[in-house]
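Input: a single structure, listed below in structure tokens.
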Amino acid sequence: MNKNLILGIGILLLSILNLVFNLLGSIDFSVLVSLLGITSFILQVLGKDVYRPLQLVWVLAQIPLVTIIEKSGVTTVETDILNLAQFFSFKLQFGLTYSAKTYSIGINVLALIYLTLIKVLRSKELIGITVSVVPDSSNSIYSEFAPLTATIDQYSKKWFSAVLTTPLKIEGSEFDRIKFKGKDDGFLNPKKERQICSINLASTVHNHEISDSGFVERI
């Protein structure tokens, strides 16, 4: 089964669990995020790409947490001011105490894990496609060979590895592969045509790499 579909099913199940939990108890604003998660899955099954940003909103909405903790004698009451987590959460918070109240601000660590998972799965969608690589400067070590074409066949630790259609000879070494990753967080958006990347020209024969940068475009 497609891993992106498995992710979508996971989002659907968490959304339904949270929705049922709210309907059986007190309803809060996390229900809106649940409905968003369910909608994203329906759109994914229908093949509508709009499900992608909806999944991201579903995750991002769960990150911030704001809680007020009140103590009265031996009794402690926690009131969530902002908590849109879908059924499960792992809180990392810090608080400021004033009088008998503690104002706690934090993040839902699980949501950050969901976000990383989405980015990894979407990056892996690029495996098998052919890309064109062009330098972002005329002083690039490979500018005289540009544009380079290569087919992505590997992805590991935010780095894509691709086989060059035509090997290059630079500084006495032959380079038959090119490695690249997004310049911001390492991930690439499979739906974005042109993206700035950190680039390494690699030689599998000489076990040698040269670092550079440039733009990667889908062909």
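Distance between the 7 Å Cα→Cβ label points at V45 and T166: 4.9 nm. With 28 Å as the limit on Cα-Cα distance, the pairs of K91/K158; K169/K191; K3/K169 that go past it are K169/K191; K3/K169. Net length available on complete extension from L5 to F29 is 6.0 nm, with 0.36 nm assigned per residue and the Cα-Cα distance removed. Legend: P(r) of region 130-218 from all alpha carbon pair distances, 5 Å bins from 0, whole percents, reading 3, 15, 28, 29, 16, 7, 1, 0.
For trypsin sites (Lys or Arg not before Pro), the sites in region 126-186 that DSSP calls loop and that have at most 10 other Cβ atoms within 10 Å are K157. Listed from fewest to most Cβ neighbours within 10 Å, the set Y98, Y155 follows the order Y98, Y155. On the basis of the beta-carbon distance and an R0 of 25 Å, W159 and L56 show a calculated FRET efficiency of 0.65. Were the residues from N139 through F21 laid out at 0.36 nm apart, the gain over their Cα-Cα distance would be 36.5 nm. In a DSSP loop and with at most 15 other Cβ atoms within 10 Å, the trypsin sites (Lys or Arg not before Pro) in region 31-135 are K48. Among L92, L148, the ranking by other beta carbons within 10 Å of each residue's beta carbon, starting with the fewest, stands as L92, L148.
As a rough footprinting exposure proxy, the listed residues R52, R194 were ranked by other beta carbons within 10 Å of their own, and the order from fewest upward is R194, R52.
The value given for region 1-129 is a Kirkwood hydrodynamic radius of 16.0 Å, derived from the mean inverse Cα-Cα separation.
Electrostatic bookkeeping for V59 treats Lys and Arg as +1 and Asp and Glu as -1; over the other residues with beta carbon under 15 Å from its beta carbon, the sum is +2. Distance between the pseudo-spin-label points of I219 and E125 (7 Å out from Cα toward the beta carbon): 2.2 nm.
Every read-out reported here was derived from the displayed coordinates using simple, explicitly stated rules and does not represent laboratory data. Quick caveat: nothing in here was measured; it's all calculated off a predicted structure. Here the Cβ is made from the backbone with ideal geometry for all residues, glycine too, and neighbour counts use every protein chain on show.
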